[in-house]
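The values are calculated or read from the model by the stated rules, or taken from the named source; none is laboratory data. Quick caveat: nothing in here was measured; it's all calculated off a predicted structure. Don't worry about glycine lacking a Cβ; one is built from the backbone with ideal geometry, like all the others, and counts go over all protein chains shown.
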Amino acid sequence: FAPWTDPDAVPLIRFRNVTKRFGDFTAIDDLTLDIYEREFFALLGPSGCGKTTMMRMLAGFENPTEGRIEIGGQDMANVPPNLRAVNMMFQSYALFPHLSVYDNIAFGLKRSDMPKEQIPDRVNEMLRLTRLERFAKRKPHQISGGQRQRVALARSLAKAPKLLLLDEPLGALDKKLREETQFELMDIQEKTGTTFVIVTHDQEEAMTVASRVAVMDAGVIKQVDTPPAIYETPNSVYVADFIGDVNLIEGTAAKTGEHAYEITYAEGVDPIKVTECEHEIAEGAKVTFAIRPEKIVVTQDPPEDRANAMQGKIIDIGYLGNLSTYHVELPGGQMVKATMTNASRISRRDYTWEDTVWLGFRSSAGVVLSE
Ligand code: ATP
């Protein structure tokens, strides 16, 4: 499933050069984006970057100051919220406290043009989909937070919208329930085939649920891609740093071959060898080499099988049960984090502080970033 790679696929949602200003503050800045049918699309970014504003424009609660938004090929410029095939699920769920679970789900259907006799079937289908059959007669205060979240979802999907907008849908749940519910959300999205656009500031959540993620910063999208592509090949220091844990090493680039560079980061030590670099880097350019901690192995002897080997001193060790993170200081003061699994007691080396160790990684393990 990758409609964005198909040049003939028609996007369900099109943002074209959309700018949104509030007074003289620019919340969204000349943004262009396509989202395809059946996608589970995540808008990810820090507080205030404009995620909710994008959702509100899709739902029709706000209009772009400039540019155009299309849904299903239709310009949304003068289409009010109730005439869009879009529903929005709010973080607060906004359930009616005095209505049963059943009636909460039925509420929107009763006010729609669905024939009355079809409503029970549809509500029961939604109850089944969200595994709430047993709770149909209860009121919202008589069910758990996770169940309330599912009622809100069932109610949002009852009218079979083409597009469901979810603003921090799991924000009210504790970590464990949140993780379980992420998989439920994915399952329900797949079963209904509805396009989901989710707003979250939790990068793990976005990476777990989404087909593609847009990483936002101050009203612009820095990168749109699949979770693995965002993680493995971030296009900027901002994205590399925002998603997951990363080592950022500043240096100067020199070309050594096709797609190959050396990055000098300190005097008197070997430069970092990089291959498989997809973009061209100017000779002598100041760059940042980004490498994930789990791509680096910590060894006592120089690692023969790695193109890169750096010697350093362990400053700190974080033991996380399944993993250990080693903080290693290189000559010149650069700190590097390396994460190793503790898969067995034999594979786990018992290093201690002040130990001198080698850090090894392949020439294709990291990326060179110019911005
Ligand atoms: P959060 O994760 O905190 O919800 P967000 O990424 O959803 O943040 P938005 O709510 O879209 O951010 O807001 C983007 C920016 O636009 C913020 O700086 C906000 O203060 C501003 N903003 C949003 N709505 C208005 C408004 N009605 N009037 C003035 N400024 C606004």
* To do: Inspect region 228-238 for any residue being within 16 Å of the ligand (Cβ to nearest atom), in contact with a Phe, Trp or Tyr (Cβ under 9 Å, 6 or more places away or on another chain) and more than 19 Å from PHE361 (Cα to Cα) and give the result as yes or no.
  => no
message = If I filter region 108-116 for residues that are surrounded by 14 or more Cβ atoms within 10 Å (Cβ to Cβ) and within 20 Å of GLU180 (Cβ to Cβ), do I get at least one hit?
response = no
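I'd like to know if region 7-29 contains one or more residues that are within 16 Å of the ligand (Cβ to nearest atom), in a helix (DSSP H, G or I) and either free of Cβ contacts under 8 Å to residues at least 24 places away in the same chain or of a type outside the set (Asp, Glu) (or both).
Let us first name the residues in region 7-29 that are within 16 Å of the ligand (Cβ to nearest atom), namely 15, 18-29.
Adding the requirement that they be in a helix (DSSP H, G or I) leaves none.
Within region 7-29, none of the residues are within 16 Å of the ligand (Cβ to nearest atom), in a helix (DSSP H, G or I) and either free of Cβ contacts under 8 Å to residues at least 24 places away in the same chain or of a type outside the set (Asp, Glu) (or both).
Let me confirm something: among ASP305, ASP355, which residue is closer than 22 Å to TYR261 by Cβ, of a type outside the set (A, V, I, L, M), touching a strand residue (DSSP E or B) at 6+ places or on another chain (Cβ under 8 Å) and in the same structural domain as ALA266 (by TED's automatic domain parsing)?
ASP305
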Over region 239-251, the set of residues surrounded by fewer than 18 Cβ atoms within 10 Å (Cβ to Cβ) and either within 16 Å of the ligand (Cβ to nearest atom) or assigned to a helix (DSSP H, G or I) (or both) is ASP241
Of (1) of a type in the set (Gly, Ala, Ser); (2) touching a Leu at 6+ places or on another chain (Cβ under 7 Å); (3) not in a helix (DSSP H, G or I), GLY171 satisfies every one except (2)
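Residues are listed down the side, and each one gets a yes or a no for (1) more than 25 Å from ALA229 (Cα to Cα); (2) within 30 Å of the chain's Cα centre (by Cα); (3) not in a loop (DSSP other than H, G, I, E, B):
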residue: ALA254; (1), (2), (3): yes, no, yes
residue: GLU283; (1), (2), (3): yes, no, no
residue: THR288; (1), (2), (3): no, yes, yes
residue: TYR326; (1), (2), (3): yes, yes, yes
residue: ASP350; (1), (2), (3): yes, no, no
residue: GLU354; (1), (2), (3): yes, no, no
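Being in a loop (DSSP other than H, G, I, E, B) and more than 28 Å from the chain's Cα centre (by Cα), is that true of even one residue in region 142-155? Steps first, please.
Restricting attention to region 142-155, the residues satisfying the condition of being in a loop (DSSP other than H, G, I, E, B) are 143-144.
Next, from what is left, pick out any that are more than 28 Å from the chain's Cα centre (by Cα): 143.
Yes: one or more hits.
Matching residues to (1) at pLDDT 90 or above; (2) touching a Ser or Thr at 6+ places or on another chain (Cβ under 9 Å); (3) surrounded by 19 or more Cβ atoms within 10 Å (Cβ to Cβ); (4) closer than 20 Å to PHE135 by Cα:
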{"residue": "ILE69", "(1), (2), (3), (4)": "yes, no, yes, no"}
{"residue": "GLY73", "(1), (2), (3), (4)": "yes, no, no, no"}
{"residue": "PRO80", "(1), (2), (3), (4)": "yes, no, no, no"}
{"residue": "ASP103", "(1), (2), (3), (4)": "yes, no, no, yes"}
Heads up, the strands (runs of 3 or more DSSP E) in region 38-111 (entirely inside) with at least 2 residues that are under 25 Å from THR208 (Cβ atoms) and more than 12 Å from the ligand (Cβ to nearest atom) are 40-44, 86-89
Per the filter on region 205-227, residues assigned to a helix (DSSP H, G or I), more than 22 Å from ALA154 (Cβ to Cβ) and within 16 Å of the ligand (Cβ to nearest atom) are ALA206
